[in-house]
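Input: a single structure, listed below in structure tokens.
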Amino acid sequence: MTTMLGVSLTGRRVVLVGGGAVAARRIGRFLEDGARVVVVAPAVSSAMKSTIAEHDLEWIARPIREGDVIGAWLVHTATGDRRVDADVAAWCEENRVLCINASDGSHGSARLAAETRSGDVIVGVVSDAGVDPRRAGRLRDAVGALLREGSLPLRQQRRRGIGRVDLVGGGPGPVDLMTVRGRRLLAEADVVVADRLGPTGVLLELEADVEVIDVGKSPGAHPVPQVQINELLVSLARAGKRVVRLKGGDPFVYGRGGEEVAACLAAGVPVDVVPGLTSVVSVPQAAGIPVTHRGVSAGIHVVNGQAEPSSSTLAALADEHITTVVLMGVAGLPRLVDAARRHGAPGDRPVAIVECGHTPAQRTTRSTLADVVTDAAAAGVANPAVIVVGDVARADLLLADPALVGDARR
Ligand code: SAH
């Protein structure tokens, strides 16, 4: 029979017997746990030699003796010789030291679990009878996949003082364009403070008692002022909650993430940021537009279309080697185009407007600086949309048949 224990090896003596491939694979786990590893082997592989050097480990370069296991908390034996491993296991038994015998699991008094980690959670697989590393590994991988999907109940049920805030970039919309880390933090969250844009689909997957607070903004209407959002995040964390501030795209690209981080830091609330796929790049991409392209565009100028065009924006719009990417720019488009034309941008410069990128409602309107205001109005272009100005917005840039490029979605 076997009992699975969560053992802390930090600072504890672990004796690794043998210097071959198995020992080299296993040593990393003990080192990660902060164990004081001692290697006993007459000779070691070159991989093991570099690990020993890198971590400045003690290496006893001779065959193992009974005395070597005394005083250890754990011994791992993988000498490649079953008799030696069996001797080591017997000495450990005698001296009440737990022993992992890599040559035959049933001889040792302990075995390593096949582990998968997600945040502070460790799930391990061991078998009660004999060893079957492949089955354990496959089970571990299956559980690991579920953990990464964020579909398992990772939420802490016991409060530990102050909570924390994680700003999570959700990408442009589809749940599978979020990061694995973002999904995990969502699965751990007590409260999710969400916006209008981004992967709102994940909110439906949260457990029923996870609180969702919608502070969504739409252009021109700011339902919850930013200071209040900052205060909300701080007060939730102070109440001990794990808070995810879910944002469309990337939190640090026109997401006011910087202000929220500053507010948390000022209040002494632990805060972290998980990057997301920003619409600056991913929404043009959804329409087959690379924001840079060798020989066509050497750089990107990103701008908030709600603001009066600055001199650097006007310079970018007039520069044939620069792609200008405009966010929040639908209402300000006529002003932008007018200013660009007056500052020397040619009327035939390609423009693409991509609405609702990476969603089923995605639509691309292609035009030129001369015609885009009329074309956008005729098409009824609306937010959210990314406007791309520059030669990369040409419909035939990547393929002869633009129908194959535009709006390509899986
Ligand atoms: N932090 C976000 C940007 C927030 S500003 C990011 O990194 O993507 C909001 C603007 O982003 C919108 O006005 C629009 O210009 C753009 N946007 C966000 N998601 C979009 C989408 N799926 N399709 C088109 N534009 C989008």
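Please find the FRET efficiency linking Trp73 to Arg160, where r is the Cβ-Cβ separation and R0 is fixed at 30 Å, and quote it to the nearest 0.05.
Approximately 0.65, to the nearest 0.05.
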Task: Two-site FRET efficiency, Glu32 against Arg96, from Cβ-Cβ distance with R₀ of 35 Å, rounded to 0.05 - done: 0.85
TODO: Highest first, please rank the peptides 329-342, 69-82, 135-148 by the mean number of other Cβ atoms sitting within 10 Å of their residues.
DONE: 69-82, 329-342, 135-148
Task: Unit Cα scatterers, Debye sum, the stretch 20-179: log10 I(q)/I(0) for q = 0.11, 0.20 Å⁻¹ - done: -0.60, -1.30
Open item on the list: Placing one identical point scatterer on every Cα of the stretch 13-112 and ignoring solvent, what is log10 I(q)/I(0) from the Debye formula at q = 0.13, 0.19, 0.23 Å⁻¹?
Closed with: -0.36, -0.81, -1.23
- [ ] Give me the angle, in degrees from 0 to 90, between the Cα long axis of helix 226-238 and the longest principal axis of the Cα atoms of the chain, rounded to the nearest 10.
- [x] 20
Task: Positive-end residue, the chain charge dipole about Cα centroid, Cβ charges, pick of Val381, Gly80, Val165 - done: Gly80
Task: P(r) of the chain over all Cα-Cα pairs, binned every 10 Å from zero, in whole percent - done: 4, 18, 20, 16, 16, 13, 9, 4, 1
Task: For the stretch 54-121, the Rg and Dmax computed from alpha carbons only, in angstrom - done: 13.6, 40
Task: On Cα atoms only, tilt of 21-32 relative to the major axis of the chain in degrees - done: 70
TODO: Normalise the Debye intensity by I(0) for the stretch 112-224, one equal point scatterer per Cα, no solvent, then take log10 at q = 0.24 Å⁻¹ and round to two decimals.
DONE: -1.34
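Counting only other residues whose beta carbon sits under 15 Å from that of Leu206, what net charge do I get with K and R as +1, D and E as -1? Mind dumping the intermediate values first?
Details: positive: Arg155, Arg183, Arg184, Lys241, Arg242, Arg245; negative: Glu149, Asp166, Glu188, Asp190, Glu205, Glu207, Asp209, Glu211, Asp214.
Here the count lands on -3.
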Open item on the list: Pairs of alpha-carbon atoms within less than 8 angstrom and 6+ residues apart define the contacts here; what relative contact order does the stretch 281-393 have, in percent?
Closed with: 32
- [ ] Show the residues, 5+ positions off or on another chain, whose built amide H is closer than 5 Å to the amide H of His301.
- [x] Thr323, Thr324, Val325
- [ ] Work out how much length Ala43 to Val121 would gain on full extension: take 0.36 nm times their residue separation and subtract the Cα-Cα distance, in nm to one decimal.
- [x] 24.4 nm
Open item on the list: Using 0.36 nm times the number of residues separating Ser311 and Ala145, minus their current alpha carbon distance, what extension gain do you get?
Closed with: 54.8 nm
Task: Fully extended contour minus Cα-Cα distance, from Ala361 to Thr3, at 0.36 nm per residue - done: 123.5 nm
TODO: Over the chain, calculate the relative contact order: mean separation of alpha carbon pairs under 8 Å at least 6 apart, over the residue count, as a percent.
DONE: 10
Open item on the list: Once you place label points 7 Å from the Cα toward the Cβ at Ala331 and Ala86, how far apart are they in nm?
Closed with: 8.2
Task: Per-selection Rg to Rh, the stretch 281-393 - Cα, Kirkwood hydrodynamic radius - done: 0.92
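Can you give the FRET efficiency to the nearest 0.05 for Asp338 and Asp272, using r as the Cβ-Cβ distance and R₀ = 35 Å?
About 0.25, to the nearest 0.05.
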Open item on the list: Please list 3J(HN,Hα) in residue order for the stretch 308-322, calculated via the Karplus relation 6.51 cos²θ - 1.76 cosθ + 1.60 where θ = phi - 60°; whole Hz, with x for glycine and proline.
Closed with: 4, x, 7, 5, 6, 5, 5, 5, 5, 5, 8, 9, 6, 9, 10
Task: Protection proxy ranking of 174-187, 37-50 - average other beta-carbon atoms within 10 Å, highest first - done: 174-187, 37-50
- [ ] Please work out the Cα center distance from the stretch 17-72 to the stretch 107-124, rounded to the nearest Å.
- [x] 20
Open item on the list: Could you order the peptides 362-372, 156-166, 224-234 from most to least packed, using the average number of other C-beta atoms within 10 Å per residue?
Closed with: 362-372, 224-234, 156-166
Open item on the list: Checking the a/c ratio against 1.5 first, then a/b against b/c, what shape does the Cα gyration tensor give for the stretch 164-274?
Closed with: rounded
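Quick note: the coordinates plus some simple rules give every number you see, no bench work behind them. In this text the structure is predicted, and so the values were computed from the model without any measurement. Don't worry about glycine lacking a Cβ; one is built from the backbone with ideal geometry, like all the others, and counts go over all protein chains shown.
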